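**Q** Below are the structure tokens for one structure; questions will follow.
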Amino acid sequence: MSLSLVGALSLGWFFMLMLASVRLWIPQRILTLQSLLLGGALLLLVLAKVFGTDVHLPALLTTTTLNPITATIGGFLLAGAVEAAGGFAAAGAILVRLSKGFFGLSGTVILLVNSPTIFAMPCGRIWAAALMPAALIFGVDLARRHANPVLLPVIVFGLIANAAASCGPSPLGGIGMMGEGLGGFLQGSFIKPQQLAIMGITMVTMVAVGLWQKIGIRPETLKKTVIHQRKLPSTAYYVFFFYVVCLIAVFMLKPSIPIQTILLGMTVVIVFLGKVSLHDLIAGIILHPITAMIAGFIMAGALVVTGAFDTLVFILRYLALHTPLGFLGVSILLVYLPIIFPMPCGRVMVAALLPGVVMFGKEVAEITNHPEAFSGLLIAFILSCAASCSSSPLGGIGGIAEGNLGIKPGIAGKPLQLGILVGVPVASLIATSLGFSFQMSWADELFVFAGFGLVFGAAANLILGQSFYRPGGLLSGLLSAVLMWIM
């Protein structure tokens, strides 16, 4: 494996495109990210021809894995049906009712911010948009009670951080499926380490917003804020419960039926149960992540053809062997690339760079004689990609929160990035220390999740202005973790 001129030029071209996008040198209104990637891939193919490299269509498509694409499409069809039937809105309404019971307001907030990862969908935007009204209701109420306007963005951005990262462990076409497939691991192997790490990302983000960044809302604005919840038909609640029961059954029973078939069957039932029209179904589907993933795959194919991944691995290995960074430092740099170049959808970086990450991860495992290093690196990279869209200036999920709060765009980028920086290594440590696919008894798994949940509940109690031992918060944290373990 050596450094080739065409490979170096291709790699440099790819990162230049990413930098130009993130720095907004190429405005999205003029050229969308998908168009930029497709145009960039075309130029790489021209470059390959100029340097005498034969371009074959099979080589261009070698990085494309159909299973995550079809699973993602199935997941978005299901999400569109549930959204159109009011199922996600029903989840928010249920949480509002729970806040008036034993869990209390702060305890229900803990369930709220963890809901996207508990019921993980292939794109976090689905839950972020659906639960935002409930987050605003709870945030305004808590902020008024404690005369602390910062509590509103604490809750809102906690939800955003959790939602953005939740597409990583989603078994319904999530980003983790791409890593599992290309890395040669069993489907679902990456879910549990990511779930626990996401709880860490969520809590660090909430603490950063409340204590460090202090994203405040003006008190006079808070006093005038009135949030109305629309009345939902009973079918919305039926759809939500059907969706939850089916997901639990799929996760626990693990039927041999392809996930795509299950998702399509659920979609058909929900369409009839919720009386969803074809127009509403199509309107509820978010196409951006699907097109971003396909464009990323095409760019990855062009990088393969030009030898860019060989060049990337050569550079990374050279840095690891001849600089103070070593393999650990270079691995950390590679894992955090998605945060350095945050895309509006993490699938872009996963699809484009995953083959190179897999190649380098296998070399690290072989050279260091630590086989688990490969899985640790791969899981951390996947989660970093998934979570990074929260802080992207190119229409990332964080924009949903900033728009609803009426604050300056991009102001929440730093606390969200801090949450990712701290939380991502948790996934890697869990993968390498506890067994990357949790090769332990179910009782030990449950014990680990319960411990994480109690710590989360205690920390959330404190940041929300309660005593750390408040029972409602502790029980909510425990329940959130147990539900993740079940799902």
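The values are calculated or read from the model by the stated rules, or taken from the named source; none is laboratory data. Keep in mind the model is a prediction, meaning the values are calculated, not measured. All Cβ positions, even for glycine, are placed from backbone atoms using ideal geometry, and neighbour counts span all protein chains on display. Heavy atoms of the whole protein, side chains included, go into the accessibility calculation; ligands, DNA and RNA do not. Shrake-Rupley method; radii C 1.70, N 1.55, O 1.52, S 1.80 Å.
**Q** Answer yes or no as to whether P122 is open to solvent by 20 Å² or more (accessible area, probe 1.4 Å) and part of a loop (DSSP other than H, G, I, E, B).
**A** Answer is no for this residue.
**Q** Of everything in the range 448-463, what is surrounded by fewer than 23 Cβ atoms within 10 Å (Cβ to Cβ) and over 16 Å from N162 (Cβ atoms)? Give them in sequence order.
**A** Matches in the range 448-463: V448, A450, G451, L454, A458, L462.
**Q** Okay, moving on. Give just the number: which of (1) open to solvent by 20 Å² or more (accessible area, probe 1.4 Å); (2) out of contact with any Gly (no Cβ under 6 Å at 6 or more places or on another chain) does G413 not satisfy?
**A** All conditions are met except number (1).
**Q** May I ask you to say which residue of I332, I340, I367 is among the β-branched types (V, I, T), touching a Phe, Trp or Tyr at 6+ places or on another chain (Cβ under 8 Å) and more than 24 Å from V305 (Cα to Cα)?
**A** Of the residues listed, the single one that is among the β-branched types (V, I, T), touching a Phe, Trp or Tyr at 6+ places or on another chain (Cβ under 8 Å) and more than 24 Å from V305 (Cα to Cα) is I367.
**Q** Among the listed residues A93, A147, identify the single one that is surrounded by fewer than 24 Cβ atoms within 10 Å (Cβ to Cβ) and either within 16 Å of Y237 (Cα to Cα) or under 19 Å from the mean Cα position of the chain (by Cα) (or both).
**A** Just one listed residue meets the conditions, A93.
**Q** Do we have any residue at all in the range 313-322 that's buried (at least 24 other Cβ atoms within 10 Å of the Cβ) and part of a helix (DSSP H, G or I)? Spell out the reasoning first.
**A** Just the residues of the range 313-322 that are buried (at least 24 other Cβ atoms within 10 Å of the Cβ), to begin with: none.
For the range 313-322, residues buried (at least 24 other Cβ atoms within 10 Å of the Cβ) and part of a helix (DSSP H, G or I): absent.
**Q** Sort through L159, L112, L136, L142 and tell me the only one that's farther than 13 Å from T205 by Cβ, touching a residue at least 60 places away in the same chain (Cβ under 8 Å) and open to solvent by less than 10 Å² (accessible area, probe 1.4 Å).
**A** Within the list L159, L112, L136, L142, the selection yields L142.
**Q** Filter the range 182-191 for residues that are assigned to a helix (DSSP H, G or I) and either closer than 17 Å to L454 by Cα or open to solvent by less than 50 Å² (accessible area, probe 1.4 Å) (or both) and give the result.
**A** Within the range 182-191, G183, I191 meet the criteria.
**Q** Could you list, in sequence order, the residues of the range 263-282 that are without any contact (Cβ under 8 Å) to a residue 60 or more places away in the chain and either closer than 22 Å to T70 by Cα or open to solvent by less than 30 Å² (accessible area, probe 1.4 Å) (or both)?
**A** Within the range 263-282, G265, V268, V269, L278, H279 qualify.
**Q** Take the residues in the range 69-84 that are open to solvent by 10 Å² or more (accessible area, probe 1.4 Å) and at pLDDT 80 or above, then tell me which one is farthest from the chain's Cα centre (by Cα).
**A** Checked the range 69-84; the qualifying residue farthest from the chain's Cα centre (by Cα) is A84.
**Q** So, S392, is that one crowded, with 21+ Cβ neighbours inside 10 Å and within 11 Å of the chain's Cα centre (by Cα) or not?
**A** no
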